[in-house]
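The values are calculated or read from the model by the stated rules, or taken from the named source; none is laboratory data. Everything quoted here is computed from the prediction, not taken from an experiment. Note that we place each Cβ from the backbone using ideal geometry, even for glycine, and neighbour counts take in every protein chain shown.
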Amino acid sequence: MSLASYIGCNVEIPLSDEDSDDLIIIGDCFSNKYHRENVKKRQFTTPYVYEVSSHWGIEISKHMSPKLLAESKEKLLELCKIMDSHLQEGDFFELYSCWVGEETEKRVGEITLRINDFDIDNIEIPEKTLVRFWK
């Protein structure tokens, strides 16, 4: 199984080039249309849903290895930079990570953060947590 991360937003976001080696890739990786529809129906409040990939989902938890934790923090910061360039003041995007196939399961938590005003070392985002990032 694979840990997938999804974003939901109120604006369309361009997909990454298929050959991209960027840290964050917006487009299909682990999920298919069915998975994205399920996460949209069950978890998000926004009309546009995308998988964001970097060969593994974004999870920030004290139970992770230091290497994977550092990678997830770097991915989250990069995702916030990308989304900041697409959002208007007052808008938001949502982030949700889960194992592929578990998109309709009950979430374990919900967090709201300012897109450019949070301490990456003092947050915890375990799988199945919905995070809203406001601009």
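Taking the condition touching a helix residue (DSSP H, G or I) at 6+ places or on another chain (Cβ under 7 Å), among the basic types (Lys, Arg) and surrounded by 15 or more Cβ atoms within 10 Å (Cβ to Cβ), does Lys73 pass?
It is true that Lys73 is touching a helix residue (DSSP H, G or I) at 6+ places or on another chain (Cβ under 7 Å), among the basic types (Lys, Arg) and surrounded by 15 or more Cβ atoms within 10 Å (Cβ to Cβ).
Per the conditions (1) in contact with a strand residue (DSSP E or B) (Cβ under 9 Å, 6 or more places away or on another chain); (2) under 22 Å from Val11 (Cβ atoms); (3) among the charged types (D, E, K, R), the sole criterion not satisfied by Lys41 is (1).
Just to be sure, is Gly27 modelled with pLDDT under 90, over 23 Å from Lys106 (Cβ atoms), out of contact with any Lys or Arg (no Cβ under 8 Å at 6 or more places or on another chain) and among the small types (Gly, Ala, Ser)? When the stated conditions are applied, Gly27 passes them. Taking the conditions (1) at pLDDT below 90; (2) more than 24 Å from Glu124 (Cβ to Cβ) in turn, Ser53 satisfies each one other than (2). Could you tell me whether the range 104-125 includes any residue that is buried (at least 18 other Cβ atoms within 10 Å of the Cβ), in contact (Cβ under 8 Å) with a residue 40 or more places away in the chain, of a type in the set (Val, Ile, Thr) and touching a Gly at 6+ places or on another chain (Cβ under 7 Å)? Within the range 104-125, not a single residue is buried (at least 18 other Cβ atoms within 10 Å of the Cβ), in contact (Cβ under 8 Å) with a residue 40 or more places away in the chain, of a type in the set (Val, Ile, Thr) and touching a Gly at 6+ places or on another chain (Cβ under 7 Å). As an exercise: evaluate Ser72 against (1) among the polar types (S, T, N, Q); (2) outside any helix (DSSP H, G or I); (3) under 13 Å from the mean Cα position of the chain (by Cα) and give the number of the one condition it does not meet. The one condition Ser72 does not meet is (2). Scanning the range 1-60 for residues that are in contact (Cβ under 8 Å) with a residue 40 or more places away in the chain, outside any strand (DSSP E or B), among the aliphatic types (A, V, I, L, M) and more than 14 Å from Ser97 (Cβ to Cβ) yields Val11, Ile13, Leu23.
Yes or no, residue by residue, for (1) surrounded by fewer than 15 Cβ atoms within 10 Å (Cβ to Cβ); (2) more than 14 Å from Ile25 (Cα to Cα):
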residue: Ser65; (1), (2): yes, yes
residue: Leu79; (1), (2): no, no
residue: Ser85; (1), (2): yes, yes
residue: Trp99; (1), (2): no, yes
